[in-house]
Amino acid sequence: MKLAINLPKPQVYYLKLPALLLFVLTLITSCNTEDTYLDENADLQRTIVEVLDSYGSESEGSDNESTQSRMNRPTFRTLNVALARTGLAGTVSSNRLTVFAPTDAAFEKYGLNQRNIVSTLGVETLRSILLYHAVAGTVFSGDLPSNGFVATLNGASVEVNVGSSVTINDATVVIADIEARNGVIHAIDDVLFPPTQNLVELASSFDPEFSVLLAAAIKAELAATLANDGPFTVFAPTNQAFMNLLGVNTVQEAIDAVNGLAPEDLAPILLYHVVPGRVFSTDLSSGPVETLNGSFDLDLETLTIDGNAMLVPSLLNVQATNGVIHVINSVLIP
């Protein structure tokens, strides 16, 4: 971008020499100040992709930065190749976004680089991963929640924790608030991998922990809805929770008992465990929580629902492609 200086028209020719010198010195000082400002804010003239492309190059950095410091600056060649090959470079260049940008070293942890990333992951998988690194709007480090979840363009959310360092899921922010013309970049030291299973697939992966719940969903003719629609938040009772409710000693006995019930009897119970949308633990507050079949009462101090079922702290916020699972130790009865 050229700096345009509108010089005054030479209408006054009778300035005394000291005044003329003062005018020239003022103009030179003004130009030098403006040039310095533009140099320090060069990234504000470039898109996110352009900043990523140039970051860490020998020409980048201030004149006062040591050669060693420049050599240690991260590069984003693999990320830029991935954006280009998936057709997302235009999206990232033309929309106001926040990008959690894995460095080349982050991709290398998984044996990925600019030459093999597309052939290894495939375009569609890679595209899903990249969208999981982007958030709509400009979110500077000071605007991030100290402990919470931020929705990404992938649909799923990343977990943010701010302490002695800032972490995004399991990645640490190594450089924050790299500004660009259309947003901000936070460099991270690991790659973020989004969920790949829907709610039913995810529950099945815990097998046999939720096999009774899955049998109930199939019997109630809700499995397809939980797999394909949403997003939903499911408060998922364990197998032991169903065994306790049904008064049986084995998982198979619980499944047999569930299969002996009519769909119209099971459906209202299961829908009482489902909340519309993605509701993370940090979004919850004590009081009534609206489900697809009425509302239950949540007490965050005791982590109990309806004074009985307890949330399992280590199994909260388990993400699926179409929702979230919170595990509970008792079946909820509407």
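What are the residue pairs meeting all of these: first residue in the range 109-126, first residue of a type in the set (Ser, Thr, Tyr), second residue open to solvent by less than 40 Å² (accessible area, probe 1.4 Å) and in a helix (DSSP H, G or I), Cβ atoms under 9 Å, and 6 or more apart or on different chains?
Taking only residues 6 or more apart or on different chains, the pairs are Thr120/Leu126.
Can you give me the number of residues within the range 268-290 that are without any contact (Cβ under 8 Å) to a residue 24 or more places away in the chain and in contact with a Pro (Cβ under 9 Å, 6 or more places away or on another chain)?
So in the range 268-290, the residues without any contact (Cβ under 8 Å) to a residue 24 or more places away in the chain come out as 284-290.
With in contact with a Pro (Cβ under 9 Å, 6 or more places away or on another chain) added as a condition, the list becomes 290.
Adding up the residues that qualify gives 1.
If I ask for residues that are out of contact with any strand residue (DSSP E or B) (no Cβ under 6 Å at 6 or more places or on another chain), open to solvent by less than 60 Å² (accessible area, probe 1.4 Å) and either within 16 Å of Leu130 (Cα to Cα) or in contact (Cβ under 8 Å) with a residue 60 or more places away in the chain (or both), which ones from the range 152-179 would you list?
Asn154, Gly155, listed by residue number.
Taking only pairs six or more apart or across chains, which ones have beta-carbon atoms under 6 Å, a first residue in the range 188-208 that is within 18 Å of Val274 (Cα to Cα), and a second residue that is open to solvent by 30 Å² or more (accessible area, probe 1.4 Å) and part of a loop (DSSP other than H, G, I, E, B)?
Asn198/Thr321
Anything in the range 137-151 that is part of a helix (DSSP H, G or I) and either of a type in the set (A, V, I, L, M) or open to solvent by 50 Å² or more (accessible area, probe 1.4 Å) (or both)? List them, or say none. Even if it seems obvious, please write down each step before you answer.
Initially, the range 137-151 is screened for residues part of a helix (DSSP H, G or I), giving 141-143.
Across the range 137-151, the qualifying residues are Gly142, Asp143.
Within the group Thr98, Thr75, which residue is open to solvent by less than 30 Å² (accessible area, probe 1.4 Å), outside any loop (DSSP other than H, G, I, E, B) and β-branched (Val, Ile, Thr)?
Details: Thr75 fails: outside any loop (DSSP other than H, G, I, E, B).
Of the residues listed, the single one that is open to solvent by less than 30 Å² (accessible area, probe 1.4 Å), outside any loop (DSSP other than H, G, I, E, B) and β-branched (Val, Ile, Thr) is Thr98.
Considering Leu144, Leu97, Leu131, which residue is closer than 30 Å to Phe232 by Cα and either in contact with a Leu (Cβ under 6 Å, 6 or more places away or on another chain) or of a type in the set (Gly, Ala, Ser) (or both)?
Working: Leu144 fails: either in contact with a Leu (Cβ under 6 Å, 6 or more places away or on another chain) or of a type in the set (Gly, Ala, Ser) (or both); Leu97 fails: either in contact with a Leu (Cβ under 6 Å, 6 or more places away or on another chain) or of a type in the set (Gly, Ala, Ser) (or both).
Testing whether each residue is closer than 30 Å to Phe232 by Cα and either in contact with a Leu (Cβ under 6 Å, 6 or more places away or on another chain) or of a type in the set (Gly, Ala, Ser) (or both) leaves just Leu131.
Quickly run through the range 111-120 and pick out the residues that are in contact with a Lys or Arg (Cβ under 9 Å, 6 or more places away or on another chain) and not polar (S, T, N, Q).
At the first step, the residues of the range 111-120 found to be in contact with a Lys or Arg (Cβ under 9 Å, 6 or more places away or on another chain) are 113-114, 117-118.
Within the range 111-120, Ile117, Val118 qualify.
Identify the single condition in (1) closer than 15 Å to Val234 by Cβ; (2) in contact (Cβ under 8 Å) with a residue 40 or more places away in the chain that Leu261 does not satisfy, given that it satisfies every other one.
(1)
Does the range 130-147 hold any residues that are at pLDDT 95 or above and of a type outside the set (Phe, Trp, Tyr), and which are they? Write out each step before concluding.
The first filter runs over the range 130-147 and keeps only residues at pLDDT 95 or above, leaving 130-140.
Within the range 130-147, Leu130, Leu131, His133, Ala134, Val135, Ala136, Gly137, Thr138, Val139 meet the criteria.
From the set of residues in the range 237-254 that are open to solvent by less than 30 Å² (accessible area, probe 1.4 Å), touching a residue at least 40 places away in the same chain (Cβ under 8 Å) and in a helix (DSSP H, G or I), which is nearest to Thr304 (Cα to Cα)? Explain how you work it out, then say what you get.
At the first step, the residues of the range 237-254 found to be open to solvent by less than 30 Å² (accessible area, probe 1.4 Å) are 237-239, 241-243, 254.
When the remaining residues are screened for being touching a residue at least 40 places away in the same chain (Cβ under 8 Å), the result is 237-238, 241-242, 254.
Still in the running and in a helix (DSSP H, G or I): 241-242, 254.
Values: Ala241: 14, Phe242: 17, Ala254: 24 Å.
Looking at residues that are open to solvent by less than 30 Å² (accessible area, probe 1.4 Å), touching a residue at least 40 places away in the same chain (Cβ under 8 Å) and in a helix (DSSP H, G or I), I get Ala241.
Rundown of residues vs (1) open to solvent by 50 Å² or more (accessible area, probe 1.4 Å); (2) closer than 16 Å to Asn259 by Cβ; (3) polar (S, T, N, Q), yes/no style:
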{"residue": "Asn198", "(1), (2), (3)": "no, no, yes"}
{"residue": "Ala203", "(1), (2), (3)": "no, no, no"}
{"residue": "Phe206", "(1), (2), (3)": "yes, no, no"}
{"residue": "Ala215", "(1), (2), (3)": "no, yes, no"}
{"residue": "Thr225", "(1), (2), (3)": "yes, no, yes"}
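Name every residue in the range 107-124 that is in a helix (DSSP H, G or I) and over 13 Å from Gly87 (Cα atoms), in order of residue number.
Residues of the range 107-124 in a helix (DSSP H, G or I): 107-108, 117-121, 123-124.
Phe107, Glu108, Ile117, Ser119, Thr120, Leu121, listed by residue number.
The values are calculated or read from the model by the stated rules, or taken from the named source; none is laboratory data. Values in this document were obtained by computation on a predicted structure and should not be read as measured data. Note: ideal-geometry Cβ built from the backbone for every residue, glycine included; neighbour counts use all protein chains shown. Surface areas here come from the heavy atoms of the whole protein model, side chains and all, with no ligands, DNA or RNA. Shrake-Rupley method; radii C 1.70, N 1.55, O 1.52, S 1.80 Å.
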